[in-house]
Amino acid sequence: MKKERVFKRTGLLLSVLLFTFSCSDFEEINEDPQAATVDQVQVEYFINASIGGAQQNPHIAERVFVLYWKAAGRMDRIGTLPVGFTSDSWTGDYYRDYISTWIRNITNGISVAEEKIANDDIREYTNNLLQVARIWRAYLMSEFSDNFGPIPINGFQGVNPEYNNVKDVYYFILAELREATAALDLDVVNPNNLDKLDPAYGYNYENWVKYANSLRMRLAMRLSEVDPAKAQQEFEDAVSGGYIAAVDDNFKVQEAAGWNDYTGVMTREWNNQYLSATQNNLMIGLGGIPSTDLLSDDKHGFIKPADYMGLRFDDHFTSLTNDPSAGFWFDGLHNTIDPRMYNLFKIPGDVDDPDFNRFPSWNGNSTETMRELLDDDGETLQEIEAAFTWNAPVIGEWGEKGSKNRLRFTGTLPRLSNIFRDSGAERVFYGSWESYFLIAEAALKGWNVPMAAQAAYEQGIADSFAYNNVSEHLGAYLASEDYSRVGTSVSWNHTQEPPASITMSYIDGYTGTPGTFNYTYPVNNIYEGGSVKNDWLTKIITQKFIAQTPWLPLETWSDHRRLGLPFFENPAVENPIPDMPQLTPANVNENSVGVFPQRLRYPTEFANNLPNQYAQAVGELEGPDTVFTPLWWAKKE
């Protein structure tokens, strides 16, 4: 049979939510190494197809994982969502052809499993496959809703779609996770080779229970600011049932080379994968570990004093932002820095580092470290060597200053390590560190959890250090009272707020004249009115953000939407930002919910083809269909 795109006939949502079985459906979903025929189709093929698809092939990974999630979650320096920009084409692709297909596949699997059980299927593991499918669908529905907001619950059960508000969606997901976990039979023995059709856990049901409970902990905490009683009830029940507590139990999927669903999500060579200003400010100085302890002797000569800000270029670097590092070019390496930094990101010009990324491979841009500042006539004013320097310029509209500045390009800035870009890694969907940071936050709220807040916080850091191979620095790091660029320290027992400002030294980049600078820690107005920078919750979310790098930008975006933590700087506004006119030079030094992206807009084709359903969806959103409308569980002001 020829497969037709249902969207062309009946509209976007029906293609997503009404599933029927056809020869072509089975042929597409069940392409496995054994070349299964239609008669041999089993539930596990649907599950495998859905999990595999959600790894994101290079086409959609670039658009959603990198250009949307990493941008909004501040794990990259990209001017898309953080300046209000979305592409209707990218969003439509994701909505129509990807997330919808993954959910349709897993919903088909659930339906097949239920039918087999109703017909007295003799395979004792079929019920477990049903529960695994429900758990995985719960994740996909959370991903769908966390991006757009209202989605149809009943649609995924095979009936005409009716949109539900985010609260109802979350209540449904939490119930699915609770019921599916309870229904898993851990004594079931799987047949040979079944494990090959589960790329995450190989149908180890104990691990699926841990993942389901961990996912439930994550989503319950998402509700903590808007529905605290429900959040506490669900979290306490989930954490008592066992969760992902060790790195070996992480929900992760092996990436693979080529162009397929398993190709690495950060492999496109033209994506620079820069260090963001947010990451830079969170990690400079944090933990007090000297760079001399982290780098080989040949790099020690590039390390600058702790009180040094860098070269000041007022005419070439924007100051119209609340990025505390704005206006300076750091012409060396920082005195102290979070020890994970040099594992995650690589020093410009350090071409002998085996994990240095040389993308794009078709030119020498990645190793071109000599760049220019231009004068008003476009002529070279000054050449600057960027090798062994460390900078993360803020995104936004730089205006004339940006047009004269060629230092903000490939080769001059730290970029993501090649270990995350060569399709040789395992993509992490849930890491053990997240469990501990969630437990630490829950303990702060007085919920009934198995660990004290400090113990959970420190274990989360320990697991992140182990993942990044820097555990030898853990003891000194946990004891550190040094402040980061945003005024947060590591030590749990050190909650003293930083001074309002400190005196730093700099050098005038034009004249070479030394000077002093009154460094002011940034004010995060959307958390505790801007009065707090170093309390326990700020510490927890700061460490959670760093630990999630680079695999879980959707979660760092969600934490910021929920709490306003950690500190995200505003984009530069030397010129007006076309998609974010509400940010101006007059208010750029003040954070507000209204200048941070909250969601993706629904695709235009949805509104055009299904106007009634679109109107219902927007009605359940309880706000306009824009990037800046907060979801139900997010901060509103």
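The values are calculated or read from the model by the stated rules, or taken from the named source; none is laboratory data. The shown structure was predicted, so the numbers you read here are calculated from the model rather than taken from an experiment. Every residue, glycine as well, gets a Cβ built from its backbone with ideal geometry; the counts of neighbours run over all protein chains shown. These accessible areas exclude ligands, DNA and RNA; they are computed on the full protein's heavy atoms, side chains included. Shrake-Rupley method; radii C 1.70, N 1.55, O 1.52, S 1.80 Å.
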Flagged as over-length at 28 Å C-alpha distance, from Lys252/Lys304; Lys70/Lys252; Lys304/Lys404, the pairs are Lys252/Lys304
Whenever you get a sec, compute what percent of the accessible area on the chain sits on carbon and sulfur atoms (1.4 Å probe).
-> 47 percent
With each run of n ≥ 4 DSSP H residues scored as -39500 (n - 2.57), what mean residue ellipticity at 222 nm is computed for the chain after dividing by its residue count and rounding to the nearest 500 deg cm²/dmol?
-> -10000 deg cm²/dmol
Hey, what's the per residue convex hull volume over the C-alpha atoms of segment 285-351, in cubic angstrom?
-> 109 Å³
Report the dimensions of segment 352-434 along its three principal axes from the alpha-carbon atoms, largest first, rounded to Å.
-> 53, 29, 22
For segment 397-468, the Cα gyration tensor yields equivalent-ellipsoid semi-axes (√(5λ), largest first, whole Å) of 38, 19, 10
In Å, what is the Rg of the alpha-carbon atoms in segment 35-129, and how long is Dmax?
-> 18.0, 56
In segment 222-300, which chymotrypsin sites (Phe, Trp or Tyr not before Pro) fall in coil by DSSP and have 13 or fewer other Cβ atoms within 10 Å?
-> Trp259, Trp270
In 5 Å bins starting at 0, how do the alpha-carbon pair distances of segment 105-156 split up by percent?
-> 4, 20, 26, 19, 13, 9, 5, 2, 0
Asp353 label point, 7 Å along Cα→Cβ, cut-off 15 Å on backbone N: hits in segment 468-495?
-> 468-470
Normalised contact order of segment 386-468, rounded percent, pairs of Cα under 8 Å and 6 or more residues apart | 23 percent
Computed on Cα atoms only, the convex hull of segment 539-628 has an orientation-averaged projected area in nm² of 7.7 nm²
Starting from the Kirkwood radius over alpha-carbon pairs of the chain, derive D by Stokes-Einstein at 4 °C in a medium of 1.567 mPa s and give it in µm² s⁻¹.
-> 51 µm²/s
Using only the Cα atoms of segment 416-548, build the gyration tensor, take square roots of its eigenvalues as a ≥ b ≥ c, and label the shape rounded, prolate or oblate: rounded if a/c is under 1.5, else prolate if a/b is larger than b/c, else oblate.
-> oblate
Distance in nm between pseudo-label sites at Phe409 and Glu114 (7 Å out along the Cβ direction from Cα) | 5.8 nm
√(5λ) per eigenvalue of the Cα gyration tensor, segment 229-366, largest first, Å | 34, 24, 18
Evaluate the Debye formula for segment 57-179 with equal point scatterers sitting on the alpha carbons, no solvent, and hand back log10 of I(q)/I(0) at q = 0.10 Å⁻¹, in q order, two decimals.
-> -0.38
Would you mind putting 345-354, 55-64 in packing order, based on average other-beta-carbon counts within 10 Å, highest first?
-> 55-64, 345-354
How long is segment 105-250 along each principal axis, judged by its Cα atoms, biggest number first, in Å?
-> 46, 41, 23
State log₁₀ I(q)/I(0) for segment 504-578 at q = 0.25, 0.27, 0.28 Å⁻¹ as given by the Debye formula over alpha-carbon point scatterers of equal weight, solvent excluded.
-> -1.10, -1.18, -1.23
Pull out a ≥ b ≥ c, the square roots of the eigenvalues of the alpha-carbon gyration tensor of segment 320-365, then state rounded if a/c is under 1.5, prolate if not and a/b is larger than b/c, and oblate in the remaining case.
-> oblate
Determine the shape class of segment 512-553: with a ≥ b ≥ c the square roots of the Cα gyration tensor eigenvalues, call it rounded for a/c under 1.5, and otherwise prolate if a/b is greater than b/c, oblate otherwise.
-> oblate
Could you work out the relative contact order of the chain, using alpha carbon pairs under 8 angstrom and six or more residues apart, expressed as a whole percent?
-> 18 percent
Inter-label distance, nm, simple model (7 Å from Cα along the C-beta direction), Ile502/Asn448 = 4.4 nm
